[in-house]
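A short reminder: the numbers here are calculations on the coordinates, not readings from a lab. These figures come from a predicted structure and were not determined experimentally. In this analysis, Cβ positions are derived from the backbone assuming ideal geometry, glycine residues included, and neighbour counts consider all displayed protein chains.
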Amino acid sequence: MKQALLQSAQYNLWANKLMLDAIQQLTPEQLDMIITSSFDSIRKTVQHCYAAEYIWLQRLQLAEHPVWAGNDNSQPIAEVCAAWLNVSEELVRFVEKQFDDKALEHVVQYYNLQKQLFKTPVYQVLIHVFNHATYHRGQLVTMLRQAGFTKIPATDYIKMIWKN
């Protein structure tokens, strides 16, 4: 299990980097263009993805009061992209540090943003985090196309495997 989750964390980082390299080529108008999706702009989608990975990382690190960073859409996009990549790197390191599969079965207790208490095994949290990012990267591809961007990166998992 650890090896599969580590590869998923590495894939998440690799795919996020490709996507964010593309996003940083956009004009402010493209970043803020209203596009119907889960969030109504590329900027807001990127901010959400960063904030989601960040709060889950804090929960995995057992932070007593994790911080939601998803409401500040005024940060320069380069800073948000750098912060998201940093969190993705931290997720790789988190998985690397897990001693064995037993550590990944540890149950984490946390509150969601509505202050509801949940208990979830670490491996399920990680699967959720990586799946969540994949879901929104797919949306970002569609949003990029609608914003007129044509150099869409290929972020399929197998592409990462072929490069190694």
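Distance from a point 7 Å along Cα→Cβ of Tyr135 to each backbone N in segment 5-43: keep the residues under 11 Å and list them by number.
Those under the cut-off are 38.
Considering every Cα-Cα pair within segment 68-164, what fraction, in whole percent, is farther apart than 20 Å?
Looking at segment 68-164, the distances longer than 20 Å represent 57 percent of pairs.
Say a paramagnetic label sat at a point 7 Å from the Cα of Gln3, along Cα to Cβ; which residues of segment 122-164 have their backbone N under 17 Å from it?
161-162, 164
Stretched out fully, how many nm does the piece from Leu62 to Val108 gain, at 0.36 nm a residue minus the Cα gap?
Extra length from Leu62 to Val108 when fully extended: 15.8 nm.
In whole Å, what three semi-axes, largest first, describe the equivalent ellipsoid of the chain built from its Cα gyration tensor (square root of 5 times each eigenvalue)? Could the numbers behind the result be given before it?
Values: eigenvalues 151, 76, 29 Å².
So the three semi-axes of the chain are 27, 20, 12 Å.
At 0.36 nm per residue, and after removing the present C-alpha to C-alpha distance, how many nm does the segment from Asp156 to Asp21 gain when stretched out fully? Intermediate results must be reported in sequence, preceding the final value.
Numbers: separation 135, 0.36 × 135 = 48.60 nm, distance 1.58 nm.
Difference between extended and current length: 47.0 nm.
³J(HN,Hα) across segment 122-137 via Karplus (A = 6.51, B = -1.76, C = 1.60, θ = phi - 60°), whole Hz, x for Gly/Pro?
In residue order, the calculated couplings are 3, 4, 6, 4, 4, 4, 4, 4, 5, 5, 4, 5, 4, 4, 6, 4 Hz.
Placing +1 at every Lys and Arg Cβ and -1 at every Asp and Glu Cβ, with all other atoms neutral, what dipole size does the chain have around its Cα centre, in debye to the nearest 20? Working shown, then result.
Details: 15 positive and 15 negative charges, 60 e Å.
The dipole magnitude comes to about 280 debye.
Quick one: if the Förster radius is 35 Å, what FRET efficiency do Arg93 and Ile34 give, using the C-beta to C-beta distance and rounding to 0.05? Write out the running numbers ahead of the final one.
Values: r = 37 Å, r/R0 = 1.06.
The computed FRET efficiency comes out at 0.40.
For the chain, with the dipole built from +1 on Lys and Arg beta-carbon atoms and -1 on Asp and Glu ones, taken about the Cα centre, which of Met1, Gln124, Leu140 lies farthest toward the positive end?
Of the candidates, Met1 comes out farthest on the positive side.
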